[in-house]
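In what follows, a single structure is set out as structure tokens and then discussed.
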Amino acid sequence: MRGHEDTMEWQLQTMQHNKRQDSSSCGVLLLKFAEHYLDFGEVGEVSTTTEAVVLERMQIACTLLENRGNAEDYCIVCSMLDANADRSMIEMVQCESCQRWAHFECAKYKESNQEYKCQKCTENT
């Protein structure tokens, strides 16, 4: 939706759903409600039993492990791989101290021969 903020309209709705059974499953259920809504357009059939939440929590953990990326590939400033999707080439600079990467724009990096230290490393020296 980036770049289309002026044309987007959000609508707030309260949907009928099963209530959670404990005080620690709200994150798991929120993800499950969102997934179920995107697939079926409703959330009433999402099971909120303790057993269902434990199973969903395990499935989320497995999915995260299967699809994890290398954190060092992400920009240390914005936490994104690509700061500008319209560009075909991504310009990044590597911190001399921690070896993490930052987009030129995020790091406010101008000269290609200039040494770069990220803000975290600069603060720690």
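Considering only C-alpha atoms, what is the centroid distance from the stretch 109-125 to the stretch 1-55, in Å?
Centre-to-centre distance over Cα atoms comes out at 42 Å.
Accessible area per residue, 1.4 Å probe, Å², for the chain: what's the number?
83
Any idea what % of Cα-Cα pairs in the stretch 22-78 are farther than 15 Å?
Beyond 15 Å sits 59 percent of the P(r) for the stretch 22-78.
Given a 1.4 angstrom probe, I'd like the percentage of the accessible area of the chain that is carbon and sulfur, rounded to a whole number.
51
Check Arg100: other-chain or 5+ apart residues with amide H under 5 Å from its amide H, H built from backbone geometry?
When sequence neighbours closer than 5 places are left aside, the close amide H contacts are Cys95.
In terms of solvent-accessible area of protein heavy atoms at a 1.4 angstrom probe, what is the ranking of Glu66, Glu72, highest value first?
From most exposed to least exposed: Glu66, Glu72.
Given that compact globular proteins tend to follow 2.2 N^0.38 Å, what is the ratio of the alpha-carbon Rg of the chain to that value?
1.52
Any chance you could run the full-extension gain for Thr122 through Phe104? It's 0.36 nm times the residue separation minus the Cα-Cα distance, nm to one decimal.
The span from Thr122 to Phe104 would gain 4.8 nm if fully extended.
Please work out how many pairs of lysine residues in the chain are eight or more positions apart (or on different chains) and have Cα atoms closer than 29 angstrom.
Summing the qualifying lysine pairs gives 4.
Can you tell me, using C-alpha contacts under 8 Å and at least 6 residues apart, the relative contact order of the stretch 5-47 as a whole percent?
It comes to 45 percent, rounded to a whole number.
Where does the chain land at 222 nm, in deg cm²/dmol rounded to the nearest 500, when only DSSP H runs of n ≥ 4 count, each adding -39500 (n - 2.57), divided by all residues?
The per-residue figure over the chain is -9500 deg cm²/dmol.
Using Cα pairs closer than 8 Å and at least 6 residues apart in sequence, work out the relative contact order for the chain, in percent.
15
The values are calculated or read from the model by the stated rules, or taken from the named source; none is laboratory data. Here the structure is a predicted model, which is why all the values come from computation and not from measurement. What goes into the accessible areas is simple: the full protein's heavy atoms, side chains included, and nothing from ligands, DNA or RNA. Shrake-Rupley method; radii C 1.70, N 1.55, O 1.52, S 1.80 Å.
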